[in-house]
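Notes follow once the structure below has been shown.
Computed from the coordinates by the stated procedures, all read-outs in this text should not be read as laboratory data. In this text the structure is predicted, and so the values were computed from the model without any measurement. Cβ placement follows ideal geometry from the backbone for every residue including glycine, while neighbour counts extend to all protein chains displayed.
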Number of protein chains: 4
Amino acid sequence: MGKIGVWLIGARGSVATTAIAGAAAMRAGLAARTGCVTEQPDFAGAELPGLGDLVFGGHDVVDTPLVKRAEHLVAAGVLPATLPGPVAADLEAAEARLRPAPDGGGRAAIDRVVADLTAFGEGLDHVVVVNVSSTEPPCAPHPAHASLTALEAALDAGEDVLPASALYAYAAFRAGCGFVDFTPSTGARLPALDELARETGLPYAGRDGKTGETLLRAVLAPMFAQRALNVLAWSGTNLLGGGDGATLADPGAASSKNASKQQVLEQNLGHPVDGEVHIDYVPALGDWKTAWDHVLFEGFLGTRMTLQLTWQGCDSALAAPLVLDLARLTGKACRDGVAGPVAEFGFFFKDPVGDGPHDLASQYAALREWANR
Amino acid sequence: MGKIGVWLIGARGSVATTAIAGAAAMRAGLAARTGCVTEQPDFAGAELPGLGDLVFGGHDVVDTPLVKRAEHLVAAGVLPATLPGPVAADLEAAEARLRPAPDGGGRAAIDRVVADLTAFGEGLDHVVVVNVSSTEPPCAPHPAHASLTALEAALDAGEDVLPASALYAYAAFRAGCGFVDFTPSTGARLPALDELARETGLPYAGRDGKTGETLLRAVLAPMFAQRALNVLAWSGTNLLGGGDGATLADPGAASSKNASKQQVLEQNLGHPVDGEVHIDYVPALGDWKTAWDHVLFEGFLGTRMTLQLTWQGCDSALAAPLVLDLARLTGKACRDGVAGPVAEFGFFFKDPVGDGPHDLASQYAALREWANR
Amino acid sequence: MGKIGVWLIGARGSVATTAIAGAAAMRAGLAARTGCVTEQPDFAGAELPGLGDLVFGGHDVVDTPLVKRAEHLVAAGVLPATLPGPVAADLEAAEARLRPAPDGGGRAAIDRVVADLTAFGEGLDHVVVVNVSSTEPPCAPHPAHASLTALEAALDAGEDVLPASALYAYAAFRAGCGFVDFTPSTGARLPALDELARETGLPYAGRDGKTGETLLRAVLAPMFAQRALNVLAWSGTNLLGGGDGATLADPGAASSKNASKQQVLEQNLGHPVDGEVHIDYVPALGDWKTAWDHVLFEGFLGTRMTLQLTWQGCDSALAAPLVLDLARLTGKACRDGVAGPVAEFGFFFKDPVGDGPHDLASQYAALREWANR
Amino acid sequence: MGKIGVWLIGARGSVATTAIAGAAAMRAGLAARTGCVTEQPDFAGAELPGLGDLVFGGHDVVDTPLVKRAEHLVAAGVLPATLPGPVAADLEAAEARLRPAPDGGGRAAIDRVVADLTAFGEGLDHVVVVNVSSTEPPCAPHPAHASLTALEAALDAGEDVLPASALYAYAAFRAGCGFVDFTPSTGARLPALDELARETGLPYAGRDGKTGETLLRAVLAPMFAQRALNVLAWSGTNLLGGGDGATLADPGAASSKNASKQQVLEQNLGHPVDGEVHIDYVPALGDWKTAWDHVLFEGFLGTRMTLQLTWQGCDSALAAPLVLDLARLTGKACRDGVAGPVAEFGFFFKDPVGDGPHDLASQYAALREWANR
């Protein structure tokens, strides 16, 4: 089996740096496979690309070297102090394949991205583009999003109608790459881009990695439903440091994230549920996040009861192994000629593309079956 | 379809009183079906005995009238203040069918129970015996438990070799009744009693209703496994008031309960897990219980993270609807001629009989399939 | 010692109803003095008006009878089911002394309130007006607030320059009554009203009863300061049902409450502290509230540590005994001729008038000393 | 002002290593004074020995070099990665002053310790011995503990009647040193040793540093008392890794710690309080500890409410600065000729010597006053 290219949008961010450094550490036998879903026995027969077959590149708007970023992550308690040394060569190899993100939008930017992806893909079997950059504000609707014809016409007319995440998805499909959106941004979720993916025979997946509060909601909400317990209100507060905290403290950017969080409850419980979700930026938390959830529910004869949860996690450590899983799975999808949305990857996402189940147990079963079919 | 008798061991306890009063309230249209698993659409085609087909009786060692017990439960905030009035007639009808628990053990006690069950069963299609009495200390092993022949010989010799819960199971099978153990006591879980159940063609289920901490563990432990997160320690503290709190504060009685709590983790995670479980008796909590769980886990590259849970529930409100579910399901099992342990009822139990799955999602699927086959 | 009138603004609300019913229950020997600060040995020598010396009246905008309100509070789990019966006569006696709140503002409304207070005060030694009505939105500044002369001129000119809470404070002083603001509303906190209180020789106290999150902050923030631990962020989420939840879900009304919550931290820690406070309306919580606080702090050599708190309380049960305490203490202040803000009552308030200490321990010491001087 | 010697029992442990490294870092301007009580403005006039006047030595039963221990503490996330390098010279200087703990007990061991302390004290103004070694099991009563005469007689007779912590206290007083017990062990708390301290004119303090659950109890219990709220049960679970976790998992050693934890509640609330305290050893927590407390209390008219706390702290980071504070304060006590127990240091301890207040606020006031008198 040949090499799979992993092109990271936001390649110098915490998640990307952790993924690149972690893959190198595991290949070198310096780290266990903890957190890697596809390294489990359930996926032994899946013939996925190996960790050793992944080649990393990507775009970023900043230019801090990956080695420097890894040192910051050590200071922040995300990477072990012993890690960066032994994987420095791998970080430098990836560094040499990073390109600056294009300025502006429209055709010119698209052409730049397509050219970068094409050059990167030389000698690789397939390339998977993974968006791990900062969350965008919600995208204003535009008529050009409705069909590929309308989109091409707008682009030809020099219009700048795609937010950055969608521009990357467009360029990925044009360059023959699979696309994964690990953020709540638009990505490939426009009718025009879905059309393009199907037409070019390329897979896409997303949206918004499920790494904390929503992961818990996707296992706990089904429990309430199966026990016929009536959830009266499900409230949540998320404290985030780091770059994503700053971005999501902006009510515009947060609104798309919050919508998908409450949607998971409604899908699993079968009815809309009272309760607000807050995202607070707490800079001193650094790369860590804390989620508190309060569930008020009603049992037999109307008795009121509660469940509270506190999840304290390191965002990059939770996200990075899933990025590797998704790169390998989407690499397989490319190899197998899967076209359009891959609903079976819903296990990884808050707001999955396609029409899959909503509870984590069924999502895991669907993923395992897809991988082993 | 005919009537199903529900014979409750511990018939004047909080769980039993809540179940009897609640069934009456639902029949009268005074309460919603919240908390009743088998009232959900998934079970619409199961042809289960209706709530209106249940007839309640039982044994208890105390003699406080059910109406009085219901008033206590109102004062304790378990039953709504408006409930006991309208269901007083139903409570009195059940009252008339209650019998004092037999003194002592051995053949004499068994004969008393068989006679009570036989009398109760007149005019009913089937009878299901449900143990909702206080938890027993673990049962000392005895050679007579190993086979039905050995057991009969010991009983014939006047030996008193069965703890109360097992004595009731024996009598139930001899009287042609199904048996459910909702407590962590021995119940039907002796080779000799399993043999008797199969020989008499009767179903049994248990053990130890899953209504709080273990319910959560059965949904959360699979999540850690599916995400390849390495649970380093899972610690728990349970604060219980009421009768069960007093019983379980005794280290002997608690040990069987704790063993099944940690076993659920091991079964779902695939390895033994560090961490203790405490059960504290806090009388002022009354019928309420609080469970705090602390999960320390390791993610990608060894990063340590935590999850904490606090569950605040009313024990009787959580258990009573499941007792009704189990009575109806076991009634169906009797009707269908199911003999021996019903592994498909594992959804309800901490330490299920038979050889079913351990995660709640699969347990629910197994139950639904069993009911609708 | 003579009678003290307690005139409640919001006299049919949960707090007022609980206070009136509770005072009657304690007088009748049906309830312990739990929650009553001034019933403790520390206040034995304070010669405060007795519970039996309090006479209740008040204004409200609604007209549900107190007896009806008490029944609602039983159903909501706030009052014991056994309470309303024995105190029905007391509730009806108070009912007879309630008056509808005046419509509109300005001189006409003031005259109505002064007349009601004067009539109520017949035969009583002193009257204390206590505002326990719903929180107002913050009051827009107005030049007439700056001095009594300016205020009188504006009122004479028919201008409606006072929010309801301040109108009641004005009327209270004009009618010779003490005034307590238990809410975050404006109340007596305008220079013009302070001038009036001093001129008329009447005491006032407030603002915003400290019954949950802020109470905890006033004891825990000093601990961090005394231990030289550096609080990096203090975040809070409050889930409230009931009328106050609905009012405070309005961002306008919440903003004054939030400001005083963060101010308590700054005053005790000596520097502004990062962190947001949310107030969510969760109707199903009824009269109950839950506050979750997350404190991120730094210790020796920069080590990051956390404290989390969850407070689950019944708002009326927490507030009502303090209303009785304040009525008695302010009654004593009236008797002793105290004029202007009583800083020594800061123990009860989030945002105290006057210039007292900010930590709860010192506030308690100041109160005890004031009462016993 | 001259130099103060700080002789640490358990000098290679996490607390001692952190204290020595931290003092060096602060002297070198590499770390802020966070966590150091006596560095606050309230103590500016106290004329305490400066951080630069402290000279470290000590005993330990292990011989891992301090530099190595500091590296372990970096890997464990207790010390910053950048710290050990710049303070290596200070660690080596302390290393040269460490002595192996004596084997056995009795006169021979005492003489060894006295000789070590005397040699260490050459050229220093005063020496303070601080016990930061592992917790001992409770000490069996012995007649020789009752008076100095009885103790000397037993020692002269070759009897081994003192647990290690008390042997060090004895030797400290004989060598003219002050003594601080930061652990729950016996230390100087025997009538015979109290007599010796008074006779030799030396101060002692202890017992058991208050760095987590008990610190919180000492501020929160007074709040419940001042608000006349009736605490019905206060339950706690402590999860500890590290050496102290292993020691305290032994029920014998834990019992002395638990007794002092519940005692703080009783002293502050004025009555014994229901509830258990658990100490669980969770090795994977390393140097970190988590305490969960659940407080069930009763308010006005018997309403039940709860407070829950979770404290997540690094034991060494919490304890080490207090060790420095106590060394400086006890150095001053030596200088000032204070003899016997110093009750004013109760602010630092779970189970303070002498007869001081029990609430943290009063303890802080007493300490500040003592230091500035």
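Observations on the structure shown:
- Charge tally in the Cβ shell below 12 Å around B:Phe224, where Lys, Arg are +1 and Asp, Glu are -1, B:Phe224 excluded: 0
- Global form of the stretch B:26-126, assessed from the alpha-carbon gyration tensor, a/c cut-off 1.5: oblate
- Cβ crowding within 10 Å, taken as a proxy for footprinting-reagent exposure, orders B:Glu122, A:Glu159 from fewest neighbours to most as B:Glu122, A:Glu159.
- The stretch D:205-220 - phi-based ³J(HN,Hα) in whole Hz, Karplus 6.51/-1.76/1.60, Gly and Pro as x: 8, x, 9, 6, x, 9, 10, x, 3, 6, 4, 5, 5, 6, 9, 7
- A helix-only calculation puts chain A at -13500 deg cm²/dmol for mean residue ellipticity at 222 nm, using -39500 (n - 2.57) for each DSSP H run of at least four residues, averaged over all residues.
- Copy-to-copy label distances for D:Pro141, where each label lies 7 Å from Cα along Cα-to-Cβ, are 4.4, 7.1, 8.4 nm in order of increasing length.
- Across peptide B:262-275, the mean count of Cβ atoms from other chains lying within 10 Å of each residue's own Cβ comes to 1.
- The ranking of A:His271, D:His59, A:His145 from fewest to most other beta carbons within 10 Å of each one's beta carbon is A:His271, A:His145, D:His59.
- Derived scalar couplings ³J(HN,Hα) [the stretch C:225-232; Karplus, 6.51 cos²θ - 1.76 cosθ + 1.60; whole Hz; x for Gly, Pro]: 4, 5, 8, 6, 8, 9, 6, 8
- Partner chain coverage, peptide C:215-221 - average Cβ within 10 angstrom: 4
- Principal-axis tilt of helix D:66-75 within chain D, Cα atoms, nearest 10 degrees: 30
- Among B:Ala108, B:Ala221, B:Ala317: highest mean-square fluctuation, GNM of chain B, C-alpha pairs under 10 Å: B:Ala108
- Note on chain B: with a GNM built from Cα contacts shorter than 10 Å, the maximum mean-square fluctuation among B:Val219, B:Val277, B:Val264 falls on B:Val219.
- Packing-based ranking of C:345-355, C:62-72, A:30-40, D:5-15 yields D:5-15, C:345-355, A:30-40, C:62-72, ordered from highest to lowest mean Cβ neighbour count within 10 Å.
- Cα gyration tensor category, rounded, prolate or oblate, for the stretch B:213-315 with a/c compared to 1.5: prolate
- Sorted from shortest to longest, the distances between the B:Ala81 label points of this copy and the other copies are 0.8, 6.3, 6.3 nm, with each point 7 Å from Cα along the line through the beta carbon.
- At 7 Å out from Cα toward Cβ: D:Val67 inter-copy label distances (nm, ascending): 2.7, 8.6, 8.7
- Within a Gaussian network of chain D (alpha carbon springs, distance under 10 Å), most fluctuating of D:Ala154, D:Ala21, D:Ala169: D:Ala154
- Across peptide C:24-35, the mean count of Cβ atoms from other chains lying within 10 Å of each residue's own Cβ comes to 3.
- For the protein assembly as shown, a/c is less than 1.5, where a ≥ b ≥ c are the root eigenvalues of the C-alpha gyration tensor. That puts it in the rounded class.
- Sorted by Cβ density within 10 Å, fewest first, the residues C:Tyr204, B:Tyr364: B:Tyr364, C:Tyr204
- Charge context of C:Thr38, other residues only, Cβ under 12 angstrom, K/R +1, D/E -1: +1
- In this structure, the amide hydrogen of A:Ser185, modeled 1.01 Å from its nitrogen in the peptide plane, lies closer than 5 angstrom to those of A:Glu136, counting only residues at least 5 positions away or on a different chain.
- Vicinal HN-Hα couplings computed from phi for the stretch D:290-304 (Karplus, 6.51 cos²θ - 1.76 cosθ + 1.60; Hz; Gly/Pro x): 10, 10, 10, 10, 10, 10, 9, 9, 10, x, 3, 6, x, 4, 8
- Amide hydrogen proximity for A:Val55: with H placed 1.01 Å from N in the peptide plane, the residues at 5 or more positions away or on another chain lying under 5 Å are A:Ile4, A:Gly5, A:Val6.
- C-alpha center-to-center spacing [the stretch B:173-191, the stretch C:185-214] in angstrom: 68
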